[in-house]
Structures are given as structure tokens and as C-alpha cells.
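What follows is a set of notes on a single structure, which appears directly below.
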Amino acid sequence: MPRRLAIRFFGGGQASIAAALFLLSLFVLPVRADDDVHGRLELQDLGAFAREDTLDASLGAEASNDMMVNLRLIWEPSWDRLSFGFDYVLDGNYGEGARIERVRGKLLPAPPPTWFNLTETFENHGLIDASQTIDRLFVGYTTPDFVIRVGRQALTWGEGLVFRPMDLFDPFSPTATDTEFKPGTDMVYTQWLFADGSDLQAIVVPRPAEWAALPSSNASSFALHFQTALSGIHTAWLLARDHGDWTAGAEASGPLGGATWDAEFVPTGLNNGPIRISALANFSDAVTLLDRNATIFAEYFHNGFGVIGPITFETLPPDLIDRLARGQLFNLRQNYLAAGLTLEWTPLLTLAPTIIENMDDKSAYAIASATYSLSDDLTLIAGAQAPLGPRGSEFGGIALSPATRITTSPPSQIYIQLRRYF
């Protein structure tokens with residue numbers, strides 16, 4: 001039976017051209033029945049409540065409500081050893097959050113996260129923000145001991161549960177409410193698989209310093225990642241040239257009774273600067289609480305780029321600002337402790353509270369979510385997040401500059417999401 005798919009394309013940018021080629025390929029390439037287009041539709045309603053002294057409140061958004069929609073279409077056909085991946089994403093946001101994000105974007109302008117600009121914003125005014133993106137676009141070739149993929153794809157390194165110091169490419173924020181799909185990055189990915197279960201990955205991520213320019217070495221990334229088992233302990237080793245800096249990494253993980261543990265050590269040598277050392281240690285265990293299945297965890301994170309002492313947004317060090325801008329880091333201080341659990345209240349309802357403590361200024365961030373399975377392909381998620389702490393602390397809100405009382409504290413929020421899979 002022929003597939004029917006309709007997408008409205010806006011403008012004539014790279015995203016529209018790539019999406020049009022995708023639609024054409026659906027009718028030209030030989031595709032098996034199990035390679036049909038599938039995906040996810042997510043609808044979200046979010047209420048945010050900012051403190052009186054925050055940037056949001058100063059812009060008239062002390063209390064706001066946003067309605068959001070996210071549609072992802074996925075096509076991943078394969079032909080023997082050849083594979084192809086294409087994800088089309090449509091995002092829409094209506095509410096004060098769209099207006100506030102424009103202001104925040106000016107405070108911390110983001111450099112190009114990847115080579116090609118395959119995102120097209122077709123509405124961006126007032127309370128509306130809408131865009132379409134090609135989030136996956138790659139071809140791959142696989143043998144029993146070798147893999148190569150070229151194009152936009154997602155990659156995750158490290159075993160952090162809340163913080164992810166070894167993950168250099170679009171890691172999720174510790175407070176992200178949707179972690180099902182990681183943003184794609186334009187790269188060449190290769191993997192060698194060995195008979196003992198070890199593997200070596202090598203990647204090249206070309207990036208320009210600014211949009212519409214050619215890739216430059218100081219904006220690009222080159223990395224080697226090796227995984228192997230040593231005396232029953234899983235280890236991973238990283239060496240990367242990333243945005244002009246050298247980054248190394250060593251990870252070890254294994255069993256601890258019935259629990260599991262992980263430790264990561266990540267030094268970064270800044271270009272013509274000092275070495276910053278980040279580290280992580282966590283454990284998780286499956287237990288029984290209130291006669292129900294649960295998983296508990298705790299994680300310590302040391303941020304080598306973090307700051308001790310009084311700070312304002314304007315006086316943050318440049319190496320920290322760089323990583324905040326490009327989405328590699330999300331925290332300002334040095335020492336954090338996170339703890340939480342996932343409790344299966346019923347076979348259909350899961351509860352997941354988490355607390356993140358800033359150990360340097362005693363502020364905290366509280367997170368709670370509940371996930372209810374309405375059917376095999378329909379999920380309802382509700383959650384709340386709240387920053388806790390005094391003015392001047394990270395989660396209580398640091399001042400934009402020494403000369404102003406306006407702070408950057410994130411708002412408290414409640415949200416509800418409905419996810420439909422097809």
C-alpha cells in the first residue's frame with residue numbers, strides 16, 4: 001500500500017530542500033514494510049512562575065503559560081549493509097516563553113552547533129515561535145567489525161545520570177523534561193569492533209565559527225573513544241580536540257553488590273591556558289520501596305569550569321561562558337550532588353522525583369514527574385520543577401551585572417505532556 005505523507009514547507013532554505021528530497025526518496029527507493037515512516041507527536045502545556053527580581057518578571061512574564069507542539073517523523077530504511085536515516089522535526093511554541101527566549105538568546109548568543117543550518121524558523125514574532133528542522137540525515141555502511149556513518153546523527157559518551165562531563169556533543173541539560181531524542185550533529189562517525197567486545201570510535205565534527213562560513217579547526221571537533229573491559233570493569237578512554245581545546249577522559253563502571261557504579265575523570269587543556277578538571281561519580285540500585293519496584297541513584301559532579309565565591313552573569317569567566325553558550329555545560333559552580341528515584345507505583349504509573357544540590361552556595365533544584373501509560377502508543381506525563389535558594393545563589397538567581405538587581409533565576413514551572421507514538 002503506498003504511503004501518504006503531507007508536510008507544508010515554508011520558505012526555500014536548506015531544511016525545506018532536504019525535506020523535499022526526503023519525500024521524493026520515499027517513492028523512488030525500494031523500501032521494506034518494516035521501514036515505513038514512524039515518529040512521535042508531543043503536545044505540552046507549561047506554566048512558569050518567576051520571582052519578582054528576575055529577568056522574566058522585568059519583561060512582564062512573572063506568570064506565563066505556553067502551549068507547545070513537537071512532531072518528529074522518522075525514516076530509517078536499510079539495504080543489506082547500507083543504511084539511511086532521516087528525521088524531520090516541526091516545533092511550535094505559543095506563549096510568553098517564545099518572547100523571553102529571544103531576549104535570553106541575546107544575552108548568550110550560541111555559535112553554530114553543527115556545520116549545515118538545516119533549521120528554518122518560519123514564525124518568530126510576538127508570542128509565536130515555529131520552526132522545522134532536519135535533525136537526522138545520514139548514510140551508513142556496516143560490516144561485522146566496522147561501521148561508518150556520514151551525516152547528521154546523534155552520539156552519546158559517558159554514563160552520567162544527571163550530569164554528563166564526557167558527553168561533548170549536545171548533552172541534555174540536568175533539568176530537561178524530554179530526553180527521548182538527542183539533537184543531531186553533522187559528523188563522520190567510524191567504529192571498529194574487536195573480538196573481545198572492545199570497540200574504538202573515531203569521529204570528525206566539522207563546524208564553522210559562524211553560519212555561512214567554511215568549517216575551521218578551532219570550531220570543529222576530532223575525537224577518539226575506546227571501550228574495553230579490564231578485570232571485569234568496563235572502561236572508556238577519550239581523547240578529543242574540541243573547539244581548540246584538548247579534552248581527555250577516563251571512565252570506569254561496574255557492579256557493587258546488587259548495585260552499579262560509574263566514575264569519570266575529564267581534564268581539559270585550554271588553548272594557551274590552564275587545565276580544568278571535571279569529574280563524576282554515581283551509583284544506582286534496584287530496590288523495593290512500599291512493596292513496589294524502584295530504582296534509586298545518587299551522583300556527585302565536580303565542574304572544573306565552575307566558579308567559587310560571589311558572581312554575576314557579567315563576570316563569569318570566558319571559558320565557562322563559551323561552554324554555556326554552546327550547550328556543553330549548564331551549571332555555574334563547582335560541586336553538585338544529585339539524588340533521586342524512579343518508583344513503579346503501578347504497572348502503568350511511574351513516579352520520578354530528583355533533587356540537585358549546589359554544594360557551594362547551598363541552593364537546590366527540585367524536580368518531580370509522573371508518567372502514565374494510557375495505551376501502547378499514548379503516554380501522559382506531568383511534572384513540576386522549582387529552583388530553591390537565596391538571591392545570589394545559582395538557583396536562587398545571580399545578578400546580571402554588579403550594577404543591577406535583576407537576576408537570572410530560572411522560573412518554577414509545572415507542565416503536562418501528551419506523547420503519541422506512531
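Here are the numbers for the structure shown:
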{"quantity": "Residue list for region 71-82, restricted to those being without any contact (Cβ under 8 Å) to a residue 40 or more places away in the chain and assigned to a strand (DSSP E or B)", "calculated": "L71"}
{"quantity": "Residues located in region 100-153, provided they are more than 20 Å from the chain's Cα centre (by Cα), over 29 Å from L46 (Cα atoms) and either among the hydrophobic types (A, V, I, L, M, F, W, C) or in a strand (DSSP E or B) (or both)", "calculated": "V139, G140, Y141, T142, T143, F146, V147, I148, R149, V150"}
{"quantity": "Scan of region 179-227 for residues that are part of a loop (DSSP other than H, G, I, E, B) and closer than 20 Å to M166 by Cα, ordered by number", "calculated": "T179, E180, F181, K182, P183, G184, S198, P206, R207, N218, A219, S220"}
{"quantity": "Candidates G396, G383, filtered to the one that is touching a residue at least 12 places away in the same chain (Cβ under 8 Å) and under 22 Å from P310 (Cα atoms)", "calculated": "G396"}
{"quantity": "Considering residues of region 392-422 that are over 18 Å from S363 (Cβ atoms) and among the basic types (K, R) only, the residue surrounded by the fewest Cβ atoms within 10 Å (Cβ to Cβ)", "calculated": "R420"}
{"quantity": "Of residues in region 197-239 being among the charged types (D, E, K, R) and modelled with pLDDT of 95 or more, the one nearest to A252 (Cα to Cα)", "calculated": "D199"}
{"quantity": "Selected residue (only one of N272, N293 is at positive phi and either more than 23 Å from the chain's Cα centre (by Cα) or not in a strand (DSSP E or B) (or both))", "calculated": "N272"}
{"quantity": "Matching option when the condition is outside any strand (DSSP E or B) and touching a strand residue (DSSP E or B) at 6+ places or on another chain (Cβ under 8 Å), among G97, G85", "calculated": "G97"}
{"quantity": "Residue ID - surrounded by the most Cβ atoms within 10 Å (Cβ to Cβ), chosen from residues in region 30-56 that are among the aliphatic types (A, V, I, L, M) and either under 25 Å from A382 (Cα atoms) or modelled with pLDDT under 90 (or both)", "calculated": "A50"}
{"quantity": "Near pairs, Cβ below 7 angstrom, 6+ apart or cross-chain, from region 187-208 (without any contact (Cβ under 8 Å) to a residue 60 or more places away in the chain and surrounded by 15 or more Cβ atoms within 10 Å (Cβ to Cβ)) to any residue that is of a type in the set (K, R) and part of a strand (DSSP E or B)", "calculated": "Y189/R149"}
{"quantity": "Out of F163, F222, F146, sole residue that is of a type in the set (F, W, Y) and either crowded, with 21+ Cβ neighbours inside 10 Å or under 30 Å from F283 (Cβ atoms) (or both)", "calculated": "F163"}
{"quantity": "Criterion (touching a His at 6+ places or on another chain (Cβ under 9 Å), surrounded by fewer than 19 Cβ atoms within 10 Å (Cβ to Cβ) and among the small types (G, A, S)) met by exactly one of G269, G254, G244, G273", "calculated": "G254"}
{"quantity": "The listed residue being in contact with a Lys or Arg (Cβ under 9 Å, 6 or more places away or on another chain), closer than 17 Å to A57 by Cα and polar (S, T, N, Q), out of S412, S393", "calculated": "S412"}
{"quantity": "Region 101-127, residues that are surrounded by 12 or more Cβ atoms within 10 Å (Cβ to Cβ), touching a residue at least 40 places away in the same chain (Cβ under 8 Å) and aliphatic (A, V, I, L, M)", "calculated": "V103, L107, L108, L118"}
{"quantity": "Sole residue being more than 24 Å from A403 (Cα to Cα) and buried (at least 16 other Cβ atoms within 10 Å of the Cβ), chosen from R333, R323", "calculated": "R323"}
{"quantity": "Cross-chain or 6+ apart pairs with Cβ under 6 Å, region 51-62 first and part of a loop (DSSP other than H, G, I, E, B), then surrounded by 17 or more Cβ atoms within 10 Å (Cβ to Cβ)", "calculated": "R51/S409; D53/T407; A61/E96; A61/I100; E62/A50"}
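The values are calculated or read from the model by the stated rules, or taken from the named source; none is laboratory data. Being a predicted model, the structure only gives us computed values, none of them experimental. Counting neighbours? That spans all protein chains shown, and the Cβs are built from the backbone with ideal geometry, glycine included.
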